[in-house]
Amino acid sequence: MPSPDRQPLTRRQWLGRIAAGGVTLALGSYAYAWRIEPHWVEVTHRTMPLANLPPALAGKRLVQISDLHVGPVVDNAYLRGVLRRLTDLEPDYLVITGDLMSCFHRETIDLAVETLRDSPVVNLPTFAVLGNHDYSENFHNLHVADELTDKVRDLGVTLLRNESTVIDGLQIAGCDDRWARRTDLNATFARVDHTRPTICLAHNPDIADLPDWSTFGGWILSGHTHGGQCRFPIIGAPVLPIKNKAYARGHVSLNGGRNLYVNRGLGYTRRIRFGVRPEVTVFTLTPV
Ligand SMILES: [Fe+2]
């Protein structure tokens with residue numbers, strides 16, 4: 001029962017309280033999206049079924065990280081902390097699906113290399129591909145991409161540019177970047193036996209819609225989208241830098257028995273995330 005000496009709120013007072021609540025909610029949401037979610041990493045676990053998997057590979061853990069964007073925007077201490085904690089996940093293999101850095105010319109190459117050097121990345125079998133930002137501003141600076149490639153390879157990371165390799169019977173192919181116009185799937189698969197288990201690293205998931213996949217029936221691991229960085233109820237993610245909007249994040253079953261996984265990335269191009277936490281993905285290899 002309301003106290004008899006309390007006056008009911010006027011319409012103006014009600015509107016004032018609603019406005020104050022709205023402002024508080026908006027400021028709280030902005031603070032969360034700016035200060036908390038960009039560094040609130042989610043570790044996602046899922047199985048990776050692969051046909052003809054050698055028995056020795058069953059149960060092995062492959063950890064995917066993506067889109068570090070080392071540079072002036074992403075807090076480097078945050079990135080180093082995430083990389084340091086990767087060993088807690090007991091990975092057997094590590095893959096990095098592009099956008100190691102953000103830069104205008106070549107100014108963040110050394111910081112990107114130092115960030116990787118001071119992490120478990122150099123002590124694990126690590127495989128990587130380049131993303132559009134690794135080609136510097138406008139995504140077409142081949143000299144920057146080549147210098148980054150050389151220095152990352154010097155760390156012991158197997159950085160694949162339209163080529164493949166084999167570890168413990170697992171084939172790992174790596175496409176060069178789509179927006180940099182360097183993708184060549186035929187070259188990427190030139191030495192791949194499609195009857196054996198294969199993982200293809202490709203920064204931009206739109207690559208899955210190219211016509212050149214032949215009889216590839218393995219997994220494509222991508223990044224690039226950051227999941228949209230901000231995702232809202234009803235409208236979803238307003239900004240998605242891909243043609244096929246089905247490839248925003250997570251797992252997608254594709255034709256030909258292929259599977260695509262789009263990691264939401266660790267970094268950001270602007271420090272804001274909402275409803276799309278940064279991600280480390282842990283895949284457990286399983287026979288089909
Ligand atoms: Fe990115």
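I'd like the Karplus ³J(HN,Hα) series for region 169-185: coefficients 6.51, -1.76, 1.60, θ = phi - 60°, whole numbers in Hz, and an x wherever there's a Gly or Pro.
With the stated coefficients, region 169-185 comes to x, 9, 8, 10, 9, x, 8, 6, 6, 6, 5, 7, 6, 10, 6, 9, 5 Hz.
Take the Cα coordinates of region 75-214, assign each an equal point scatterer, and use the Debye formula without solvent to give log10 I(q)/I(0) at q = 0.14, 0.22 Å⁻¹.
-0.65, -1.39
Using a basic spin-label model with each label point 7 Å from the Cα along Cα→Cβ, how many nm lie between Thr286 and Ile167?
Here the answer is 2.2 nm between the modelled labels.
In nm, give the distance between the simple-model label positions of Asp150 and Phe104, each being 7 Å from the Cα along the Cα-to-Cβ direction.
Once both label points are built, they end up 2.4 nm from each other.
Compute, for the chain, the length of the dipole vector about the Cα centre, with Cβ point charges of +1 (Lys, Arg) and -1 (Asp, Glu) only. Units Debye, rounded to 20. The partial results should precede the final answer.
Values: 31 positive and 29 negative charges, 284 e Å.
The calculated dipole for the chain is roughly 1360 debye.
Mean projection of the alpha-carbon convex hull of region 1-158 over all orientations, in nm²? Don't skip to the end; give the middle numbers.
On the way: hull surface 68.4 nm².
So the Cα hull casts an average projection of 17.1 nm².
Just the number, please: percent antiparallel of the DSSP beta bridges in the chain, rounded to the nearest 5.
Roughly 30 percent of the beta bridges in the chain run antiparallel, per DSSP.
Say R0 is 30 Å: what FRET efficiency, to the nearest 0.05, do Arg84 and Asp212 get from their beta-carbon distance?
Values: r = 39 Å, r/R0 = 1.28.
FRET efficiency, Arg84 to Asp212: 0.20.
Once amide H atoms are built 1.01 Å from N in the peptide plane, which residues 5 or more positions from Leu53, or in another chain, come under 5 Å H to H?
Val288
Could you tell me which residue out of Ala248, Leu210, Ile65 lies farthest along the dipole of the chain toward its positive end? Charges go on the beta carbon: Lys and Arg +1, Asp and Glu -1, centred on the Cα centre.
Value computed over the given set: Ala248.
Determine ³J(HN,Hα), in whole Hz, for all residues of region 131-147 in sequence, where each value follows from phi through the Karplus function 6.51 cos²θ - 1.76 cosθ + 1.60 and θ = phi - 60°; x replaces Gly and Pro.
x, 4, 5, 6, 9, 6, 4, 6, 6, 10, 8, 5, 5, 5, 4, 5, 5
What does the convex hull of the alpha-carbon atoms of the chain project to on average, in nm²?
Values: hull surface 78.3 nm².
Directional mean of the projected Cα hull area for the chain stands at 19.6 nm².
Could you check how much of the accessible area of the chain is carbon and sulfur, as a whole percent, using a 1.4 Å probe?
Numbers: 7500 of 13800 Å².
Carbon and sulfur: 54 percent of the exposed surface of the chain.
Pull up the cross-link candidates among the aspartates and glutamates for Lys245, meaning alpha carbon to alpha carbon under 16 Å and not fewer than 8 places away within one chain.
Asp206, Asp209
The values are calculated or read from the model by the stated rules, or taken from the named source; none is laboratory data. In this text, all values refer to a predicted model and were calculated from it rather than measured experimentally. Please note: Cβ atoms are built from the backbone with ideal geometry, for glycine as well, and neighbour counts cover all protein chains shown. These accessible areas exclude ligands, DNA and RNA; they are computed on the full protein's heavy atoms, side chains included. Shrake-Rupley method; radii C 1.70, N 1.55, O 1.52, S 1.80 Å.
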